[in-house]
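Any read-out appearing in this document is the output of simple, stated calculations on the displayed coordinates, not a laboratory observation. Since the structure is predicted, the reported quantities are computational estimates derived from the model, not experimental observations. Cβ: placed from backbone, ideal geometry, glycine included. Neighbour counts: every protein chain shown.
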Amino acid sequence: MNLQVFNRLTRQKEDFKPLVEGQVKMYVCGPTVYDHAHLGHAKTYVAFDVIVRYLRYLGYKVRYVQNITDVGHLLDTGEDRILKKAGALSLEPMEVVETYTHSYFDDMDALGVVRPDISPRASGHVPEQITMTQGLIEKKHAYVTREGDVYFDVTTFPEYGKLSGQNLDELVGGKRVEVAEGKRHAADFALWRHAEPEHLMQWDSPWGRGFPGWHIECSAMAARYLGETFDIHGGGLENRFPHNECEIAQSEALTGKPFANYWLLTGSLTVDGVKMSKSLGNFVTIKDALKIYQPEALRLFILSSHYSSPVDYSDAALKATQSGWERLMGAVRLVRYTRQNASEGDAAAGFEAVLDEHKARFAAAMDDDFNAPAAIGVLYDLNREVNTLLNSGETIGRPILDSIEQVYHKLGGDVLGIIPDEITETGTDAARQDGLIRFLIEMRADARARKDFAAADNIRNRLVDLGVMLEDRADGTVYKLQ
Ligand SMILES: [Zn+2]
């Protein structure tokens with residue numbers, strides 16, 4: 001079977017045919033860098049990470065562009081998210097941007113998300129956004145107001161609403177219509193905004209000092225790095241309207257060509273059915289989650305639901321996933337351990353057929369619109385087979401163990417990123433840490449027994465510095481991690 005994807009634009013599953021055979025050009029809307037990323041961001045970017053990894057596994061040469069929004073993303077109140085944060089912290093806006101851009105990449109690296117090939121910043125592409133806005137004005141798709149704002153005229157683009165399945169009447173009907181001064185239609189959106197002198201991020205433009213609207217950055221940067229038409233546009237489903245819809249309108253009105261051929265949008269991460277978001281305060285940062293959970297277990301949790309569906313977060317669900325992941329790793333460890341002393345020769349070579357069957361089923365699942373949950377199911381099925389083989393008492397030759405390891409490495413490692421090559425999972429690390437702490441507790445008890453209280457206190461204090469709290473009880477000393 002060939003790769004099929006559910007195209008949000010046409011609302012149907014289609015055969016995936018890139019513009020240039022063997023190559024995929026893909027754009028995904030990136031984060032607005034004004035705070036630490038939370039698990040909702042992890043859901044989106046792990047999902048696209050696996051899509052990119054699988055495309056590469058299939059042999060495609062992928063150019064993956066994901067922008068950094070560092071200007072122009074306004075709150076409903078009209079405030080710029082980054083400027084608001086900069087004001088609150090008395091920082092330069094670019095200090096805020098640097099801090100949270102680094103934080104974002106740190107989190108993504110920790111989650112094993114392969115970095116995009118290009119991570120363009122909106123503030124670094126203002127000339128492109130101005131050129132595009134100028135082109136839209138020349139083609140009468142945009143107009144300049146007296147204040148120096150530039151709006152896209154949605155009535156000039158009859159297909160406006162095609163991604164979100166709405167038409168202009170529906171968009172405006174029933175809603176409070178508030179037409180800003182100089183704006184012709186309630187659904188018209190800003191390509192450029194004039195800046196007051198005190199506004200901290202502003203540039204020269206043919207319409208005076210100002211800054212770009214949020215939507216135009218993605219159109220401009222996608223065109224710059226991927227061309228006027230490219231293969232896949234991704235993002236979170238919640239940005240389908242107005243953001244993605246506006247991108248399509250700007251780009252297609254200007255070029256007269258399709259913008260992206262396939263639209264792949266991800267479902268949200270929810271908490272009790274409500275989207276996790278900064279503004280609702282129901283969020284867990286990736287950094288906090290990684291203090292408790294193994295990154296691979298977090299990926300497994302995210303991938304346990306289809307990319308286009310929501311996944312509901314709870315501590316119980318994550319704990320269950322962590323145990324599920326430990327089970328998966330149990331078989332992987334056993335294979336690696338058995339391999340060390342396995343004999344050469346083709347004992348149990350018949351298992352190759354089992355591996356082939358599971359590889360084929362895995363590919364069939366991923367070819368069906370990147371169905372990672374089904375692919376993970378295949379890995380668990382394989383685990384059962386591997387456990388049965390390893391516990392059968394049969395002699396197993398090294399070549400077949402190598403083949404099993406290869407399957408884990410390629411499917412569980414390269415594609416899904418849930419099986420690490422190095423065994424560094426919590427079990428081992430935690431066990432080692434536990435052993436070291438207990439050893440120090442014994443040394444402290446010995447010091448106290450010989451009345452060397454200075455040494456005993458030193459051990460206790462050093463442990464406290466490391467966040468290890470000791471509690472002396474009648475039956476011995478226990479410890480707690482802070
Ligand atoms: Zn975007």
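Could you order peptides 150-161, 307-318 by the average number of other Cβ atoms within 10 Å of their residues, highest first?
150-161, 307-318
Grab the beta carbon distance between Asp109 and Phe453, set R0 = 45 Å, and tell me the FRET efficiency rounded to 0.05. Can you show the working numbers first?
Working: r = 45 Å, r/R0 = 0.99.
My answer for the efficiency is 0.50.
Each residue of region 94-101 in order: what ³J(HN,Hα) in whole Hz does its phi give by Karplus 6.51 cos²θ - 1.76 cosθ + 1.60, θ = phi - 60°, with x for Gly and Pro?
Running phi through 6.51 cos²θ - 1.76 cosθ + 1.60 with θ = phi - 60° gives 5, 5, 4, 4, 4, 4, 7, 5 Hz.
Please find the FRET efficiency linking Ser403 to Asn282, where r is the Cβ-Cβ separation and R0 is fixed at 60 Å, and quote it to the nearest 0.05.
0.85
So how far, in whole Å, is the C-alpha centre of region 311-341 from the one of region 289-310?
13
Roughly how tilted is helix 426-449, in degrees to the nearest 10 and between 0 and 90, from the longest Cα axis of the chain?
Tilt of helix 426-449: around 50 degrees.
Per residue of region 200-215, what does 6.51 cos²θ - 1.76 cosθ + 1.60 with θ = phi - 60° give for ³J(HN,Hα)? Whole Hz please, x for Gly and Pro, Karplus curve as stated.
Calculated HN-Hα couplings, in order: 6, 10, 8, 9, 6, 8, x, 10, x, 5, x, 8, x, x, 5, 5 Hz.
What angle, in degrees between 0 and 90 and rounded to the nearest 10, separates the Cα long axis of helix 315-340 from the longest principal axis of the Cα atoms of the chain?
Once rounded, one gets 60 degrees.
Please state, as a whole number in µm²/s, the translational diffusion coefficient that the Stokes-Einstein equation yields for region 237-386 at 25 °C and 0.890 mPa s, with Rh defined as the Kirkwood radius across alpha carbon pairs.
130
Which pairs break 32 Å Cα to Cα here: Lys291/Lys451; Lys43/Lys139; Lys25/Lys139?
Lys291/Lys451; Lys43/Lys139
To the nearest whole percent, what portion of all C-alpha pairs in the chain is separated by more than 31 angstrom?
So the portion of pairs separated by more than 31 Å is 54 percent.
Would you calculate, for the chain, the mean residue ellipticity at 222 nm contributed by helices, counting each DSSP H stretch of 4 or more residues as -39,500 (n - 2.57) and dividing by all residues, to the nearest 500?
That comes out to -14500 deg cm²/dmol.
Neighbour counts of other C-beta atoms within 10 Å: give me Lys162, Lys61 arranged from fewest to most. Before the final figure, lay out each step's value.
Numbers: Lys162 16, Lys61 12.
Going from sparsest to densest Cβ surroundings: Lys61, Lys162.
How much FRET efficiency would the formula 1/(1 + (r/R0)^6) give for Asn387 and Lys480, where r is the Cβ-Cβ distance and R0 is 45 Å, rounded to 0.05?
Details: r = 35 Å, r/R0 = 0.78.
The formula returns an efficiency of 0.80 here.
Applying the Karplus parametrisation 6.51 cos²θ - 1.76 cosθ + 1.60 with θ = phi - 60° to the phi angles of region 22-34, what ³J(HN,Hα) value in whole Hz is obtained for each residue in order, glycine and proline being reported as x?
After applying 6.51 cos²θ - 1.76 cosθ + 1.60, I find x, 10, 10, 10, 9, 10, 10, 4, x, x, 8, 8, 10 Hz.
Between Asn7 and residues 5 or more places away or on another chain, which pairs have amide H atoms under 5 Å apart, with H built 1.01 Å from N, and which residues are they?
Excluding prolines and chain starts, which carry no amide H, the hits are Gln12, Lys13, Glu14.
Quick check: net charge around Ala195, other residues with Cβ under 11 Å of its Cβ, Lys/Arg +1 and Asp/Glu -1?
-4
Please work out the Cα center distance from region 95-109 to region 203-258, rounded to the nearest Å.
So the two Cα centres are separated by 23 Å.
Can you give me the Rg/Rh ratio for region 321-415, using Cα atoms for both radii and the Kirkwood formula for Rh?
So for region 321-415, dividing Rg by the Kirkwood Rh gives 0.97.
If we count other beta carbons within 10 Å of each Cβ, what is the order of Val33, Val274, fewest first?
Val274, Val33
Given H placed 1.01 Å from N in the peptide plane, which residues other than close sequence neighbours of Leu58 have an amide H under 5 Å from its amide H?
none
For the pair Lys319 and Asn341, how long in nm is the line joining their label points, each one 7 Å along Cα→Cβ?
A separation of 3.7 nm, rounded to one decimal place.
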